[in-house]
Structure formats: structure tokens, C-alpha cells
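A quick write-up on the structure given underneath.
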Amino acid sequence: MLRARAPAKVNLTLHVLGRRADGFHELDSLVAFAGCAADALAFRPSEGLALSVEGPFACAAGDVAGDDNLVLKAAREAAARIPGLRLGRFSLVKRIPVAAGLGGGSADAAAALRLLAQANGIAAEDPRLVEAAAATGSDVPACLVSRAARMTGRGEGVAPLAGFAPLAAVLANPLKPVSTPEIFRRLALKPGETRSETTAAPDAGLAALVAARNDLEAPARSLLADIGTGLEALAQTEGCRLARMSGSGATVFGLYDDQRSARRAARALRAALPGWWVMPTMLR
Ligand code: C5P
């Protein structure tokens, strides 16, 4: 049995540069990965391809072990590119909230590709795996790298941030799923339309992060008022340097100077936002 962690992704910044002719949006985003919020994936090579799902968020998205689960999609995309790839049985423990802007499904898919590579004696950097990642979903190439990186294009451009200093953070989610396509639709960009302003922060220093933004925050807030509530509650916690939404929401996060402040803020948030999922973590 082989095992892999699938850490949650946080978009520290997310600038939408325009809408492409194929409907996808051109992005420029700094992402980092959570030390404490992660799904767990196990793999046993065998004939065929199967998936079982358990854990606190196993039931959150309906038929989470169904055919469109990104673990199965990633495995099929890899098998289509790598002749003779031995597949098998995956078991997934879902601890990351679903449809939450944390790339949980993408992290699972990337973990599946890493496990398939390991089981088949394929290098993790094999271009066929990277292609399979991009074909599985926009966030999967970044999740394959699974450390702080700048994401460009639809998500296929991934440049690790050398010398990224880990950030103490608190993640908070109201446990209400948000549809990513719906949030992008609300931006209402026309095919081929570009935005002139905007490049993401060139580095992940706090001042640069503060100067940047998440362009999906306004459309997501217009859909779900809890996002505004969460951002305001975060901003009020002691030592909060930045409060922002991740991905297309609804997860919001705060950044703090150290782990102690983040843990203290998490305690305050659990009291302020009953029923929310709240997780202090290092982002790296
Ligand atoms: O690639 P993925 O399947 O994760 O994307 C989900 C949806 O998010 C897409 O169908 C699209 O509506 C939107 N999206 C986008 N531009 C991106 C990434 C995602 O418009 N770069």
C-alpha cells in the first residue's frame, strides 16, 4: 500500500487577466499549500481502477466516489498517455471541505498521479504526468508541485517560488459549497476580453501580497454573504495582517506573524463563527 498527502491549496493572490476564446480565464495567481489541511490518499496496484471515499467530507459533494471524481479522471488521463500503466485501487480520506476554493479535488488528483508514478517507476517530473495533470483540471499542475508557486495561463504555468518563507494562516469556511463556473460567469468577461491593469504580486512578501487581490472575491461575495462575514471576522482577529478569499471561495484566510497568533485567532474565530470549519496552518 502506497500513501500520499493531498494538501489544500490557498490562492494568496488571484488576478484574472482576461477570458480566452475557449471560455477559460487567463490567471496570474500565487498559491501556497497547507501543512495541516490535507486529504489522505492510499493506493494498492491491482487490475482495473477503483476508488473508495471516507472521512468528514466524504458525503459533502453527493456521489464523491463517482466516475467524475478527479482521482479517477487523473488516473484515466495518465493511462491514456502512458502505455501499460498499472492502475489499481485508491482509498481517499476527505478532510478538506468540498467546493471550497481549496483545490481539494485537484490535490487528490495530483496525489493520485504521484502514487501512480511511484508504483510504476515513473519520474514525478515525467511530462506525460504533467500533461495528465493539466487535462484533469486547472489547479492540478500546481497541486502536483504542491509548494508555493506562481500559477499562470489557465493554471498550466507553474513556477515554484524560490525562497518562499512559510506563512502562518487561519483558514475558515462556512461549509456552503460554491460553484467555480458560476463565480467565473459572474465576472461577465466576454470571450477574448482582456483587462489592462493587473499582474500578480511578483513575490510573496507580505507587502506585495497585501497590494494584490483576489478578483473572484467580489462576484463570490455577491453570491454568498457568509464570505463577507468571514472576512470581517478575520480582519478583527488580533494580529491579522491580511484577510482574503481563496480561489472561487467560500474559504477565507488570514495571515499572521507567527503560528501562535494564528492559533489564537483560530480560537477567536471558532467563537465568532459557530458552525464554520476553522483551521490554523502553515502555508508553504
Ligand atoms: O479546470 P477546472 O475544471 O478546475 O475548472 C472549473 C471551471 O472553472 C471551468 O469550467 C471554468 O468555468 C472555470 N475556470 C476558468 N478559468 C480557469 C480555471 C477555471 O474559467 N483558468
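Where a number appears in this text, it was derived from the coordinates with a stated rule and is not lab data. All values derive from a computational prediction rather than experimental measurement. Heads up, the Cβs are rebuilt from the backbone with ideal geometry, glycines too, and the neighbour counts pull from every protein chain shown.
Give, rounded to the nearest 20 debye, the magnitude of the charge dipole that the range 2-160 has about its Cα centre when Lys and Arg contribute +1 at Cβ and Asp and Glu contribute -1 at Cβ. All intermediate terms of the calculation are to be shown ahead of the outcome.
Values: 18 positive and 16 negative charges, 69 e Å.
In debye, rounded to 20, the range 2-160 gives about 340.
Using all C-alpha to C-alpha distances in the chain, build P(r) with 10 Å bins and read off the rounded percent in each one.
Reading upward from the zero bin: 7, 30, 36, 22, 6, 0.
Cut-off under 24 Å on the C-alpha distance; same-chain residues fewer than 8 positions from residue 9 excluded. Which lysines are left, in chain and number order?
Cross-link targets: 73, 94, 176.
Could you check the simple spin-label distance between residue 218 and residue 263, using points 7 Å along Cα→Cβ, in nm with one decimal?
Going from the residue 218 label point to the residue 263 one covers 4.0 nm.
In a GNM of the chain with a 10 Å cut-off on Cα contacts, which of 154, 185, 114 has the highest mean-square fluctuation?
Maximum fluctuation in the GNM of the chain, among the listed residues, is at 185.
In the Gaussian network model of the chain, springs joining C-alpha atoms below 10 Å, which of 233, 220, 165 carries the largest mean-square fluctuation?
Ranking 233, 220, 165 by mean-square fluctuation puts 165 first.
Exposed loop GluC sites (Glu not before Pro) only (DSSP loop, at most 10 other Cβ atoms within 10 Å): please give the longest stretch of the chain free of them, not including the sites.
On the way: sites that count: 47, 125, 197, 238.
Segment 48-124 is the longest.
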